[in-house]
1. Given R₀ = 25 Å, FRET efficiency for residue 191-residue 221 by Cβ-Cβ distance, to 0.05?
2. PRE reach from residue 70 (point 7 Å along Cα→Cβ): which of region 253-274 fall under 18 Å by backbone N?
3. Determine the gain in length on full extension of the stretch residue 170-residue 199; use 0.36 nm per residue of separation and subtract their C-alpha separation, reporting nm with one decimal.
4. In nanometres, what is the gap between the two model label sites at residue 229 and residue 21, each 7 Å from Cα along Cα-to-Cβ?
Amino acid sequence: MRERVPVPVVQQGRGARRPLWARVLWGGGEAAVTLGLVLLLFVVHQLWWTNRQARAAAERTVQALEEEWEASAPAPAPAPDPVPAPASASASDPASASDPDPDPASSSGASAGGASSSGARAPRWDQAYAILRIPELGVRVPVAEGVRKSGVLDQGYVGHYPRTAQPGQAGNFALAGHRNTYGEPFRYINRLRRGDELRVETRGAVYTYVVDKRLARTSARDGGVIRDVPRSEVRKGYGYRAPGYYITLTTCTPEYTSKYRLVVWGTLRSMRPR
């Protein structure tokens, strides 16, 4: 019989430990991949998810305000029964015809100088009480009192600077809004041009402002742009010199930073009751 030759069996051990440099390189690669995924998720959250959530919440608030205003509007009075005209009256007699309704635009000056249509009391902090429409940009967004991020701007709202005028009042109705993330309602206000409309709706009236001036960049601490007579304290020559009925839109610039402020100013053109 032929003698069997044993087949050597090579047992694979758990393997020799990798050199230190290889282990460090491998661990660094894993950490880099993990960090990259975390950053990617963060970017998706900031640039997509926050916009989606804030826009949906803002739209619900707009709808709720419109429904509330409609429900609280006084019912129209029933039309009276027609009364036959006297036999001596003539259809061509001016005295027999009623005066036409006044043009809302013609009374805007008198109305604008009165109390705000949002009521004598100032809105509660973080309360949405008006709607800003920018037809040129397709923007429809709630206006809330205050400019805090947590309760206002990060909700997709536009914030009203405290101690500035309310819609339609003499002075400066000054607003702030995000340019990027959280609904970014003011992302494209740099595209607004002179003559574009800015409509502010409240419970009692609709105010139409018209874009008049722009300031492409100023300091974040330039408080002059939201004063009663808005005028930059940093960029001399930008703003107004006389009292009036103004609106101011402010946002961060350049995009994705908060280093400077972009400003758009407008003036009140007309008011009409809701």
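Taken together, the values in this text are just the output of simple stated rules run on the coordinates, not laboratory data. Since this is a predicted model, take the numbers as computed values, not measurements. So basically every Cβ, Gly included, is an ideal-geometry build from the backbone, and we count neighbours across all protein chains shown.
1. After rounding, the FRET efficiency stands at 0.45.
2. 274, by backbone N distance to the label point.
3. Using 0.36 nm per residue and subtracting the Cα-Cα distance, I get 8.8 nm.
4. The modelled label-to-label distance comes out at 7.3 nm.
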